[in-house]
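In what follows, a structure is listed as structure tokens, so that the remarks can point back to it.
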Amino acid sequence: MVRSTLSKLNRAVARARRDRRGNVTIIFAFAVPLVIGAGGLAVETGFDYVSQSRLQSAADAAAYAGGIERVAASPSDVIRTAATTQAIANGWTASGGTLTVNTPPTSGPNAGAANAVEVQLTQTAPRFFTAFFSNAPVNLRARSVASTITAGNACVLALSGTAPKAIQIQGNSTLTLTACDVMSDSVASNAIQVWGSGKLSADCAVSVGGVANSGGMTLTGCPSPITQAARIGDPFASLPVPATGPTRNIPKNPKGPYTLSPGKYSGGMDLGGDVTLAPGTYYVSGGDFNVNAGTNVSGTGVTIYLEAGSHVTINGGAHVAMAAPTSGTYSGVLFYGDRTDTSGSDNKFNGDASSQLTGDIYFPSQPVSYLGNFSGTNGCMQIIADTVQWSGNTTLGVDCAAQGMTNIPARQLVKLVE
């Protein structure tokens, strides 16, 4: 009886063992696809994460490159080309992707900021495990914004990209720049040159090329000249050519003081005696703007535009007291040379020690020789020219908003802000 009972118990245990092995087999059969699927999903998720990170790096590089071109005042197509080149170099491909460059940005906290560049990238990534559930590719998106930060402004800027001695301080001259820089866009090794008894005191000397100092250079805002800097471009590149206005003439043999009105002077402006320039824009063509020795010229709210072939000569012994407009299209611009004039003819600024030229002296494609010992009200005179040769003793300042002038960024940094 006992033996029979034990036998039945053993058979029951054996059946239970066989049933459990079957259950494990069934459970394992169901679990394997889930384990494989989880592994496949993890691998695919990791791949997408790496692809997203790579796309974000490409967007960051593209925005930074666009920011560098923005510093150089490059047009939008050049900014886009630079951004595209860097995006491709960092793994983005145009096939299956899009690139959008906005300057200024159209979204985010920097929307509308003129000193910022926004880059948006998209890219498709293939599906692996999830292809069992959808045939649509994975759409990846990345966005980056680069902004320029100004660390210093220039009072003197040479725009030539190649000229040696694009800015030259020479002779017994002393140029003192208060709270501003001297900047050259030239790649020459001596793009800024101080030599002989010439002296330069400035916050910083900044050059796309190099700086040669065999005279006296004192820098108060940087420990040494900044070379191989980013080109900053023409700050007035978008300034329009003024309308000619009504035809005017210089009176012949005037008796006593006389006043000239704005308009077109097609025979140039050869000034003598005691002359007042009424406020407005003077369009000079067919001759020079010439101020003879012993002449007194005054005018407030004045802009002098010189058509190609016309240049400026202010002679020693002349007295000039002229100031640019403080508002309007030509706010802060006192002299404006034709961009198309590449003759190389010099514009010479001299005069007596009590003279004042308040405003921007802007000759983007022509040289300027500054020989005088004067500047503008509170030192407010800025020179932007193809090249600048300095032989006078002058102090210039940068805080000139009250004179209608705007700062010229020289030391600009590019930073990713979004």
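No value in this document is a laboratory result; all are computed from the given coordinates. Bear in mind the structure is a predicted one, so any value in this text is a computation, not a measurement. Every residue, glycine among them, receives a Cβ derived from its backbone with ideal geometry; neighbour counts consider all protein chains shown.
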Which order do 203, 77 fall in if you start with the one that has the fewest other Cβ atoms within 10 Å? 77, 203
Once you place label points 7 Å from the Cα toward the Cβ at residue 326 and residue 340, how far apart are they in nm? 3.6 nm
Starting from the coordinates of the alpha-carbon atoms of the chain, obtain the Kirkwood hydrodynamic radius over all distinct pairs and give the value in Å to one decimal. 25.7 Å
Antiparallel DSSP beta bridges within the chain, percent to nearest 5: 25 percent
Gap separating the Cα centres of the range 251-326 and the range 88-117, nearest whole Å: 48 Å
Gap separating the Cα centres of the range 164-213 and the range 342-418, nearest whole Å: 13 Å
Cα coordinate range in the range 106-218, projected on the principal axes (Å, largest first): 82, 28, 20
Per the range 146-291, sqrt(5λ) over the Cα gyration tensor eigenvalues, sorted largest first, in Å, gives 38, 20, 14
Kindly provide the pair-distance distribution of the range 177-219 built from C-alpha pairs, with 5 Å bins from 0 and whole-percent values in order of increasing distance. 6, 26, 31, 25, 11, 1
Once you mark the chymotrypsin sites (Phe, Trp or Tyr not before Pro) that are in a DSSP loop and have at most 16 other Cβ atoms within 10 Å, what is the longest gap between them in the chain? 196-418
What's the angle, to the nearest 10 degrees (0 to 90), between helix 2-71's Cα axis and the longest principal axis of the chain? 10 degrees
How high is the relative contact order of the chain, in percent, counting Cα pairs under 8 Å that sit 6 or more residues apart? 13 percent
Of the convex hull enclosing the alpha-carbon atoms of the range 141-184, the direction-averaged projected area in nm² is 5.2 nm²
Exposure proxy check: 88, 304, 383 ranked by fewest other beta carbons within 10 Å? 88, 304, 383
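So what's the net charge close to residue 396: Lys and Arg +1, Asp and Glu -1, counting the other residues with Cβ under 15 Å from its Cβ?
Every neighbour counted, the sum reads -3.
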Mind listing the Cα extents of the range 268-308 along all three principal axes, in Å, largest one first? 27, 21, 8
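Can you tell me the convex hull volume per residue for the range 306-418, based on C-alpha atoms, in Å³ to the nearest whole number?
135 Å³
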What's the angle, to the nearest 10 degrees (0 to 90), between helix 76-89's Cα axis and the longest principal axis of the chain? 30 degrees
Using alpha carbon positions and the Kirkwood radius, the Rg to Rh ratio of the range 376-418 is 1.10
Using each residue's phi in the range 211-227, evaluate 6.51 cos²θ - 1.76 cosθ + 1.60 at θ = phi - 60° and report the 3J(HN,Hα) Karplus result to the nearest Hz, with x for Gly and Pro. 10, 10, 10, 10, x, x, 10, 10, 10, 9, x, 8, x, 7, x, 9, 10
Return the FRET efficiency for the residue pair residue 179, residue 52: r is the Cβ-Cβ distance, R0 is 60 Å, and the value is rounded to the nearest 0.05. 0.85
